[in-house]
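The values are calculated or read from the model by the stated rules, or taken from the named source; none is laboratory data. From a predicted model like this one, the values you see are computed outputs, not experimental measurements. So basically every Cβ, Gly included, is an ideal-geometry build from the backbone, and we count neighbours across all protein chains shown. For accessibility, only protein heavy atoms count, side chains too; no ligands or nucleic acids. Shrake-Rupley method; radii C 1.70, N 1.55, O 1.52, S 1.80 Å.
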Amino acid sequence: MKEFMTGNHAVAQAVKLCRTPLIAAYPITPQTPIYEKLSEWEATGVLKGIMMRTESEHSAMASCIAASLTGVRTFTATSSQGLALMHEMLHFAAGCRTPVVMANVNRIIAAPWGFWADHLDSLSQRDTGWIQFYCENGQEAMDSVIQAYKISEQVYLPAMVNLEAFLVSHFMEPVEIPDQDAVDHFLPPLDLPHKFDVEKPGFLMTVVSSELYRKYRHMAQVSMDSVKDVAVRVDREFKDVFGRGYGIVEPIAMEDAEVVIVTAGSITSTARLAIRSLREQGHSVGLLKIRLFRPFPNEALQQVLAGKKKIAVIDRNNSMGSGGIFCQELKAALVHSEDRPYIYNYIAGVGGTDVNPEVIQRIALDAMERSEPMDQPMWIMEE
Amino acid sequence: MIEIKFRGRGGQGAVVASEILGRAFFLEGKYPQSFSLFGSERRGAPVFGFLRVDDQPILLKCQIKHPDQVVLFDLSLADEKEISQELKPDGTILINTNREIGFFEGWRKFKIGLIHASAIAREVGLGDTFNMAMLGAYARLTNLIKMETLTEAIRSMAPSKVEKNIEAAEEAYKQTKIYEAKEPNPQ
C-alpha cells in the first residue's frame with residue numbers, strides 16, 4: 001500500500017512492521033515525530049510493544065542494550081546531541097554484541113545551535129562498532145530499518161540507519177508500505193543463541209585480561225567485516241520479496257565517466273537529476289552512492305571505481321583539521337589502486353545549506369577542469 | 001512539475017495546508033513532495049511550506065527558489081518586489097486579503113486569485129484558522145485539484161473541526177476572484 005508520509009513516519013512504520021517489542025527513546029528535534037508516532041500507536045494499541053520514555057538518550061540506549069540481552073528486538077531513535085550523549089553506551093551496545101537498531105536523524109552538532117541536516121553527528125560515532133547506513137529518502141529509510149534488523153541479528157552487532165534532518169525526516173512523499181505478512185516472513189521472530197532470563201541468571205561486562213579483550217575485539221571485527229557480504233545478501237533477498245534493492249554502494253552511469261561524483265544520503269537523489277542534465281550537455285559524469293559506511297565497503301568501491309581518473313566526493317560534513325569524512329575513507333580505500341585517481345573533496349550542504357542540481361553541476365565541472373591533484377577540501381559557498 | 005510556496009506566519013497553518021494539499025494530489029495519483037523550512041516556527045514568525053507535484057517521482061531534495069505558485073496567507077509578509085523576484089514569470093499568486101484587485105496593480109503580470117479567507121473562517125466558526133479556506137480558493141484558482149479530492153484530504157488530515165474546515169474550503173471556492181495576467185505596459 002502506498003501512503004503519503006514523512007521519512008520519520010516511514011521509520012516508525014518500519015518499527016511497527018518489525019514487531020519490535022521494546023522501544024526506549026527520548027525526544028529530540030527533528031527525530032521527535034518518530035517518538036510521537038510510536039507513542040500514539042502504543043496508546044491506541046496498534047503497537048504491540050512497550051514504549052519506554054527514558055530520562056535521557058544515554059538511558060534509552062542502556063535500556064535497549066539490557067532488553068536486547070534478554071533476547072528481544074529493540075529500537076531507539078535520536079539525533080545530534082542525543083546521539084552524542086549516547087556515545088558511551090554506543091560502545092557498550094557493540095561490545096556486548098547486541099543487535100540494537102537505531103534511527104538517527106542527521107542534524108548539526110552544536111555549537112552554534114540549529115536543527116539542520118549534516119552528517120557529522122553520526123560520522124563522529126564511526127568508531128563505536130555500529131553498522132551505519134545512509135538513506136536518500138523516506139522509502140529507503142523504511143526499507144533500511146527492516147534490513148538492519150535482519151543484518152544485525154545475523155552478526156550480533158548494532159545498526160544505525162541515518163536519515164537527514166528535514167530533507168528526509170520531514171519530507172512528505174509517497175512511500176510504499178510493505179505487507180505485514182511479507183515482513184513477518186522476511187524477518188522471523190528474534191532467536192538469539194544466548195539470552196538472559198530470570199530462570200537463568202547471568203553476568204556480563206566482567207573485567208577481562210588484555211588478551212581476552214583483544215580476543216573479543218578481534219571477534220567483533222571479523223563479524224563486522226562479514227557485514228559487507230551479509231548486507232548484500234539481505235538486500236537481494238529484500239529485493240526479491242519487496243521489489244526494491246539498494247546495494248551497499250550504487251553506481252549510476254559509470255561506464256564511460258570521466259568524473260565520478262560520490263555522495264551519501266539525500267544529495268544522491270538530487271545528483272541523479274544533476275548528472276542527467278550534465279550528460280545531456282555532453283559531459284561524461286557518473287555517480288556513486290555510498291549507502292553502507294560501517295563497515296566501509298572498500299572492495300565494492302575499488303571494484304566500481306577501477307579505471308576511473310577523477311573522483312569528486314561531496315561531503316555534508318567536515319572533520320575539523322582534516323576535511324570530509326567520506327572522502328578520507330574513500331582515499332584510504334583506493335590508496336593501492338593502480339589507477340591512482342585524483343580524488344577531490346567538496347564540502348557542500350554543511351549545516352543543511354542547499355545542495356541543488358546547479359551546485360552539483362558546478363562541482364562536476366570544477367573537477368573536470370582540474371588537471372592537478374588537490375589535497376585541500378573545497379568548501380562550496382553561496383554563489 | 002509544479003512548485004508551490006506557502007508563505008504564512010507561525011500559527012496560521014501554512015505548513016499543514018501544504019501537507020493537506022500534497023495529500024490531495026497524492027490521492028489523485030500524482031507524486032507530491034511536501035516540506036517546510038523548520039527551526040524558527042513560533043507564533044507570528046514567517047513560515048514557509050513547500051510543495052512540488054509531478055506525474056513521476058521527484059528526485060529533487062533541495063529548496064524551491066522560484067515557485068510557479070505562491071500562496072500568501074498574510075499580505076504583510078511580502079512586498080511587491082520580493083514576490084516579483086521570486087515567482088516564475090508566468091506564475092500564479094493567491095492572496096488572503098479584503099482588498100480589491102486595484103491594490104495589486106504591480107503584480108498584474110501574474111495570474112492573481114483574491115480571497116478573504118480569514119473572514120470566511122470566522123464566519124463558519126473557525127476563528128483564526130483559515131488555512132483550509134486558502135486551499136478551497138487554490139482549487140478554484142488553479143483548477144489543478146478537484147474539490148472532492150481536497151475534501152477527502154481535509155477529512156483525513158485536518159487536526160480538528162473537520163466539517164467546518166470543509167465548509168470554509170467550499171465557501172472560499174465559491175468566493176475566489178480570479179484575474180488573468182495582464183501583459184506589462186510597454187515602457
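Answer yes or no as to whether residue A:164 is touching a helix residue (DSSP H, G or I) at 6+ places or on another chain (Cβ under 8 Å) and either among the basic types (Lys, Arg) or under 21 Å from residue A:240 (Cβ atoms) (or both). No; evaluated as a whole, the condition is false for this residue. For the stretch B:94-106, check the following and say yes or no: at least one residue is under 16 Å from residue B:36 (Cβ atoms) and either among the aliphatic types (A, V, I, L, M) or open to solvent by 20 Å² or more (accessible area, probe 1.4 Å) (or both). Checked against the condition, which is being under 16 Å from residue B:36 (Cβ atoms) and either among the aliphatic types (A, V, I, L, M) or open to solvent by 20 Å² or more (accessible area, probe 1.4 Å) (or both), the stretch B:94-106 yields no hits at all. Residues that are of a type in the set (Lys, Arg) and either touching a Ser or Thr at 6+ places or on another chain (Cβ under 9 Å) or surrounded by 17 or more Cβ atoms within 10 Å (Cβ to Cβ) (or both) within the stretch A:302-323 comprise A:308, A:310, A:316, listed in sequence order. Within the stretch A:1-16, the set of residues being away from every other protein chain (no Cβ under 14 Å), open to solvent by less than 10 Å² (accessible area, probe 1.4 Å), in contact (Cβ under 8 Å) with a residue 40 or more places away in the chain and out of contact with any Phe, Trp or Tyr (no Cβ under 6 Å at 6 or more places or on another chain) comprises A:11, A:14. The residue that is surrounded by the fewest Cβ atoms within 10 Å (Cβ to Cβ), among those in the stretch A:150-167 that are over 12 Å from the mean Cα position of the chain (by Cα) and within 14 Å of chain B (Cβ to nearest Cβ), is A:166. Kindly establish whether residue B:56 is polar (S, T, N, Q) and more than 18 Å from residue B:115 (Cβ to Cβ). In short, yes.
From the list A:335, A:350, exactly one residue is of a type in the set (Val, Ile, Thr), without any contact (Cβ under 8 Å) to a residue 24 or more places away in the chain and away from chain B (no Cβ under 14 Å). Which is it?
It is A:335.
Selection of the stretch A:104-114 for residues being touching a Ser or Thr at 6+ places or on another chain (Cβ under 8 Å) and open to solvent by less than 10 Å² (accessible area, probe 1.4 Å) yields A:104, A:105, A:106, A:107. For the stretch A:225-253, a residue qualifies if it is more than 11 Å from residue A:292 (Cβ to Cβ), in contact with a strand residue (DSSP E or B) (Cβ under 9 Å, 6 or more places away or on another chain) and touching a residue at least 24 places away in the same chain (Cβ under 8 Å), and the qualifying residues are A:242, A:244, A:251, A:252, A:253.
Cβ-Cβ distances below 7 Å connect the following pairs, each with a first residue in the stretch A:36-60 that is farther than 19 Å from residue A:72 by Cα, a second residue that is among the aromatic types (Phe, Trp, Tyr) and at pLDDT 95 or above, and a separation of six or more residues or different chains: A:56/A:26; A:57/A:26.
Does residue B:114 count as within 16 Å of the chain's Cα centre (by Cα) and either among the small types (Gly, Ala, Ser) or open to solvent by less than 10 Å² (accessible area, probe 1.4 Å) (or both)? Considered against the rule, which asks whether it is within 16 Å of the chain's Cα centre (by Cα) and either among the small types (Gly, Ala, Ser) or open to solvent by less than 10 Å² (accessible area, probe 1.4 Å) (or both), residue B:114 comes out as yes. Can you confirm whether the stretch B:15-26 contains a residue that is surrounded by 15 or more Cβ atoms within 10 Å (Cβ to Cβ), away from chain A (no Cβ under 11 Å) and not in a helix (DSSP H, G or I)? Looking through the stretch B:15-26, none of the residues is surrounded by 15 or more Cβ atoms within 10 Å (Cβ to Cβ), away from chain A (no Cβ under 11 Å) and not in a helix (DSSP H, G or I). Of the residues making up the stretch B:59-79, none is among the hydroxyl-bearing types (Ser, Thr, Tyr) and touching a Lys or Arg at 6+ places or on another chain (Cβ under 8 Å). Of the residues screened, residue A:323 is not one that is within 25 Å of residue A:273 (Cβ to Cβ), among the small types (Gly, Ala, Ser) and in contact (Cβ under 8 Å) with a residue 12 or more places away in the chain.
Counting residues in the stretch A:168-185 that are at positive phi and open to solvent by 10 Å² or more (accessible area, probe 1.4 Å) gives zero.
Of all the criteria given as (1) open to solvent by 90 Å² or more (accessible area, probe 1.4 Å); (2) within 14 Å of chain B (Cβ to nearest Cβ), the one not satisfied by residue A:198 is (2).
Across the stretch A:248-301, the qualifying residues are those that are open to solvent by less than 10 Å² (accessible area, probe 1.4 Å) and of a type in the set (S, T, N, Q), and the one among them that is farthest from the other protein chains (Cβ to nearest Cβ) is A:263.
Going through (1) assigned by TED's automatic domain parsing to the domain that holds residue A:363; (2) under 23 Å from the mean Cα position of the chain (by Cα); (3) charged (D, E, K, R) one by one, residue A:258 falls short only on (2). Of everything listed in (1) touching a strand residue (DSSP E or B) at 6+ places or on another chain (Cβ under 8 Å); (2) open to solvent by 10 Å² or more (accessible area, probe 1.4 Å); (3) within 14 Å of another protein chain (Cβ to nearest Cβ), the single unmet condition for residue B:4 is (2).
Of the listed requirements (1) open to solvent by 80 Å² or more (accessible area, probe 1.4 Å); (2) within 10 Å of chain A (Cβ to nearest Cβ); (3) not in a loop (DSSP other than H, G, I, E, B), residue B:32 misses just one: (1). Counting only residues that are farther than 29 Å from residue A:248 by Cα and surrounded by 10 or more Cβ atoms within 10 Å (Cβ to Cβ), the stretch A:206-233 holds 3 of them.
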